[in-house]
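In what follows, a structure is listed as structure tokens, so that the remarks can point back to it.
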Amino acid sequence: MAGEGLEDILAPGLSVVFCGINPGLLAAAQGHHFAGRSNRFWRTLHLAGFTPHEVPAEEDRSILQFGCGLTAVVERPTARADQLAAQEFAAAAQGFEQKISRHAPRFVAFLGKSAYAALSGQKVVAWGPQARTFGGAHVWVLPNPSGRNLAFNLQQLVDAYRQLQVASSASKI
């Protein structure tokens, strides 16, 4: 229901944990990550090579079988990420880093610059791999797949996510 967050989909030692900024209202209401027709996450994940088929949001838990997990930096659902206050990121920071450390993924992928900027204290964040680790994981910053993010079309999202997919596959060797 609205007002409640989404359950994390995590397991120890995953290749990549995708970190949304916070749940959208529809995702929270339905109880599934990246729900909603306008959200391009599941399509992007498939086209970038993380999954062999497009996973329906209702089957979000199946992402574990592909070595990936899902979480959100701030648990409170909102209609738009810009409705979050800086204090909410600050309040979530320590527990969120401990969560990542506890599950020990090889990569943590922040979906959008704002959450990583708030957690790292960096004013300027580039897309792609970051120099710092977070909770022991390599950090990657990807464009947010929300349908509200008009700065990136589907192909640009796929290209950005594919770079992480290639890096995470190469690091398994």
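The values are calculated or read from the model by the stated rules, or taken from the named source; none is laboratory data. Note that the coordinates shown come from a computational prediction; the quantities given were computed from them, not determined experimentally. Cβ placement follows ideal geometry from the backbone for every residue including glycine, while neighbour counts extend to all protein chains displayed. We work out accessible area using only protein heavy atoms, side chains counted, and drop any ligands, DNA or RNA first. Shrake-Rupley method; radii C 1.70, N 1.55, O 1.52, S 1.80 Å.
Looking only at residues that are in contact with a Lys or Arg (Cβ under 7 Å, 6 or more places away or on another chain) and not hydrophobic (A, V, I, L, M, F, W, C) in region 107-147, which one is nearest to residue 45 (Cα to Cα)? By that ranking, first place goes to 145. The single condition from (1) among the polar types (S, T, N, Q); (2) touching a residue at least 24 places away in the same chain (Cβ under 8 Å); (3) within 23 Å of residue 163 (Cβ to Cβ); (4) out of contact with any Lys or Arg (no Cβ under 9 Å at 6 or more places or on another chain) that residue 71 fails is (4). Residues that are open to solvent by less than 50 Å² (accessible area, probe 1.4 Å) and part of a strand (DSSP E or B) occur at least once in region 59-68.
Here is a list: 26, 84. Which entry is of a type in the set (A, V, I, L, M) and in contact with a strand residue (DSSP E or B) (Cβ under 9 Å, 6 or more places away or on another chain)?
Only one candidate qualifies: 84.
Sub-6 Å Cβ pairs linking a first residue in region 30-52 that is within 13 Å of residue 63 (Cα to Cα) to a second residue that is outside any helix (DSSP H, G or I) and of a type in the set (Val, Ile, Thr), at least 6 apart or interchain, are 42/55; 45/51, ordered by first then second residue.
Of all residue pairs spaced 6 or more apart or on separate chains, those with beta-carbon atoms under 9 Å, a first member in region 145-169 that is free of Cβ contacts under 8 Å to residues at least 24 places away in the same chain and more than 24 Å from residue 78 (Cβ to Cβ) and a second member that is open to solvent by 60 Å² or more (accessible area, probe 1.4 Å) and part of a helix (DSSP H, G or I) are 155/47.
Residue 37 - would you say it is loosely packed, with under 14 Cβ neighbours inside 10 Å and part of a loop (DSSP other than H, G, I, E, B)? Against the criterion (loosely packed, with under 14 Cβ neighbours inside 10 Å and part of a loop (DSSP other than H, G, I, E, B)), residue 37 qualifies.
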